[in-house]
Amino acid sequence: MGQVSDEGLLRLMDQAEGQIERFRSECLASGRCAPEPKAWHALFKTITKGFSREEWPPLPLILGASEASPQSKLDRLIEHLEWAGSRNKTTEAFDFLAALTDQDWQTAKKENWHSTSYWVLDEKDEAE
């Protein structure tokens, strides 16, 4: 694959930025904040393949960070997509996300979007 000119790269980044903003809006409308941990880890491996750890974006909010708020998770996912876009990996990232099923996504109700504990989310859901 040939190198992309600086002008071509800027055009690709602009396209990626628009795609990312549409994706963010779709996530907010549907309550999706991030892929489930295994899927998010697989996405992360997909976009970082070929890069050294020093070049990677911040890690997904999984494992010990799994209690982060849905808003924080979406922000981190968007950060991953922006990172991928700046490295000409937007298509790979969005192809991966498009293949996910509804069960592969973490979701939250709008009133819980900034909540930072799953215990709080569970208690609110049980009360309804």
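The values are calculated or read from the model by the stated rules, or taken from the named source; none is laboratory data. Everything quoted here is computed from the prediction, not taken from an experiment. Ideal geometry is used to build each Cβ from the backbone, glycine not excepted, and the neighbour counts take in all protein chains shown.
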Worksheet item: Consider residue 80 against the criteria (1) modelled with pLDDT of 95 or more; (2) crowded, with 19+ Cβ neighbours inside 10 Å; (3) out of contact with any Pro (no Cβ under 6 Å at 6 or more places or on another chain); (4) not acidic (Asp, Glu): it satisfies all of them except one. Which criterion is unmet?
Response: (3)
Discussion item. Here's a check for you: in region 96-128, which residue that is modelled with pLDDT under 80 and in contact with a Leu (Cβ under 7 Å, 6 or more places away or on another chain) is surrounded by the most Cβ atoms within 10 Å (Cβ to Cβ)?
Written reply: 112
Practice prompt. Mind telling me which of the residues 10, 61, 28 ends up being of a type in the set (A, V, I, L, M), over 28 Å from residue 115 (Cβ atoms) and at pLDDT below 95?
Written response: 10
Item to complete: Considering (1) touching a helix residue (DSSP H, G or I) at 6+ places or on another chain (Cβ under 8 Å); (2) part of a helix (DSSP H, G or I); (3) at pLDDT below 90, say which one residue 4 fails and leave the rest.
Response: (2)
Worksheet item: So which pairs qualify, if the first residue must be in region 78-99 and closer than 15 Å to residue 44 by Cβ, the second must be of a type in the set (Lys, Arg) and not in a helix (DSSP H, G or I), the Cβ gap must be under 9 Å, and the two must be at least 6 apart or on different chains?
Response: 83/89; 89/49; 92/49
Worksheet item: When both residues are 6+ apart or on different chains and their Cβ atoms are under 6 Å apart, which pairs have a first residue that lies in region 20-45 and is farther than 14 Å from residue 61 by Cα, and a second that is not small (Gly, Ala, Ser)?
Response: 20/81; 24/78; 27/74; 31/107; 32/105; 32/107
